[in-house]
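A.B. asks: This is the structure, below, for whatever I ask next.
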Amino acid sequence: MEPEALEICPYNPHHRVPLSRFQYHLASCRKKNPKKAKKMASCKYNACHVVPIKKLEEHEAACVNRSTMEEEDSLRPLKVSLPSSEQNGKAPQTFVPQKLVCESDTRESEREAHPPSVTTPQKTLRPGE
């Protein structure tokens, strides 16, 4: 069985961690080194790539986990087809958001709006009655 590759911790270069435990180690080491963590940032293509904030843009431009599809999509404008008003003879309707209310919310608000009156006698139930 081949030994697992070791990664070097960006927060403490003396830490050598197996790749399978690296994410867990980063999270715990980040908490233990808050001053250094403020100066570091995670790559948007791979959260295990933690680099100094000053070098983040450079790293992301050359990151091995950056997909070629993303590069192609960012260069091409997004094409969206909207239904034209000529197709159905009507002007497009605008969307008006509606407030969603649960039945339980309605019942609670009714209770709050009409609390039991102080003058209304309350019947007390006792065992055996």
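A.B. asks: What is the residue count in region 27-42 for residues that are open to solvent by 80 Å² or more (accessible area, probe 1.4 Å) and of a type outside the set (K, R)?
C.D. replies: Result for region 27-42: 0.
A.B. asks: Taking the residues in region 58-69 that are more than 22 Å from P13 (Cα to Cα) and surrounded by 10 or more Cβ atoms within 10 Å (Cβ to Cβ) as candidates, determine which candidate is modelled with the lowest pLDDT.
C.D. replies: Ranking the candidates gives S67 first.
A.B. asks: When only residues in region 1-14 that are in contact with a helix residue (DSSP H, G or I) (Cβ under 7 Å, 6 or more places away or on another chain) and not hydrophobic (A, V, I, L, M, F, W, C) count, which is most open to solvent (accessible area, probe 1.4 Å)?
C.D. replies: E4
A.B. asks: Consider region 43-56. How many of its residues are modelled with pLDDT of 95 or more and open to solvent by 50 Å² or more (accessible area, probe 1.4 Å)?
C.D. replies: 4
A.B. asks: Being touching an Asp or Glu at 6+ places or on another chain (Cβ under 9 Å) and in contact (Cβ under 8 Å) with a residue 24 or more places away in the chain is the filter here; which residues of region 27-51 pass it?
C.D. replies: The answer is C48, V51.
The values are calculated or read from the model by the stated rules, or taken from the named source; none is laboratory data. Quantities reported herein were computed from a predicted structural model and do not represent experimental measurements. Cβ coordinates were reconstructed from backbone atoms using ideal geometry, including for glycine residues, and neighbour counts include every protein chain displayed. Quick note on the areas: whole protein, heavy atoms, side chains included, nothing else; ligands and nucleic acids left out. Shrake-Rupley method; radii C 1.70, N 1.55, O 1.52, S 1.80 Å.
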